């Protein structure tokens, strides 16, 4: 079995054919899906999908692109939302200095609020970071000093040095279909060396379709192509890679088993 640890089932390209999307993924061997929210307006929808679909779980959070729209979001707002039994994670949250769609200080404040709730609840934080390695690592280190919390860097595309820093802090790393791209050799090299107990896989669908599906909207079924590529790079079978990443998903997202 494989798990898509990060997808956006409420987004255009998936929501209009969600039954078909899920059916194709299940037929391909995908046994669980983490449906990610990026703003408060999506929270009810990701939870409703998780209520309808027993193998779909929800994550509650604010993407850094939307931080300015949620300046007043309090920790209590997050705490109330994650009490739902189908909500297994916080995020995605983090820092994005590539587009700078929100004030960097506000991004940092909301990132820390998500972490505080993760520390209180034990739910993992799903982290987005782009062109913000130093600040992301500094915030993670500072917050870990206050008290440990579980966390995952999703769709990892950062430098190997950043990867080593977050691994040293105890985080896990999720690899998307980007690893299959011809211009992603450095990422493929790093992904092949991630410790086996810290590795997850995802699609980030409907974005970033892996080879051989580039140019099409990405679907959770395509996590199989990423898994096959990684298995070859790591010298294991597809079945072994699936078992490793599924075990890691269940270990990190403990509320899934509960």
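The numbers here are math on the coordinates, done by the rules we state, and not lab data. Keep in mind the model is a prediction, meaning the values are calculated, not measured. Cβ coordinates were reconstructed from backbone atoms using ideal geometry, including for glycine residues, and neighbour counts include every protein chain displayed.
Which whole-number percent gives the relative contact order of segment 92-172, counting Cα pairs below 8 Å spaced six or more residues apart?
Value for segment 92-172: 32 percent.
When the helices in the chain are scored as -39500 (n - 2.57) per DSSP H run of 4 or longer and the sum is shared across all residues, what 222 nm value do you end up with, to the nearest 500 deg cm²/dmol?
Calculated at 222 nm, the ellipticity per residue is -12500 deg cm²/dmol.
Enter the per residue convex hull volume of segment 127-182, computed from alpha-carbon coordinates, in Å³ rounded to the nearest integer.
73
Which order do the peptides 168-177, 130-139 take when ranked by the mean count of other beta-carbon atoms within 10 Å per residue, highest first?
168-177, 130-139
Given 0.36 nm per residue, what is the gain on full extension from residue 1 to residue 146 after removing their alpha carbon distance, in nm?
Value of the extension gain: 48.5 nm.
Taking the mean number of other Cβ atoms within 10 Å as a proxy for protection, how do you rank 38-47, 181-190, 73-82, 105-114 from highest to lowest?
Descending packing order for the listed peptides: 105-114, 38-47, 73-82, 181-190.
For residue 120 and residue 197, what is the calculated FRET efficiency with R₀ set at 25 Å and r taken between the beta-carbons, to the nearest 0.05?
Calculated value: 0.50.
More than 25 angstrom separation, counting every C-alpha pair in the chain; what % is that?
Of all Cα-Cα pairs in the chain, 38 percent lie more than 25 Å apart.
Over all directions, what mean area does the Cα convex hull of segment 50-97 project, stated in square nanometres?
3.9
Quick one: length gained pulling residue 185 to residue 71 fully straight, 0.36 nm per residue minus the C-alpha distance?
In short, 37.2 nm is gained.
Suppose each label sits 7 Å from its Cα in the direction of the beta carbon; what would the residue 80-residue 26 distance come out to in nanometres?
So the label points at residue 80 and residue 26 sit 3.4 nm apart.
What full-extension length gain, to one decimal in nm, is calculated for residue 169 and residue 17 as 0.36 nm per residue of separation minus the Cα-Cα distance?
Separation in residues times 0.36 nm, less the Cα-Cα distance, equals 50.8 nm.
Quick check: the distance between the Cα centres of segment 208-254 and segment 136-167, to the nearest angstrom?
Here the answer is 22 Å between Cα centres.
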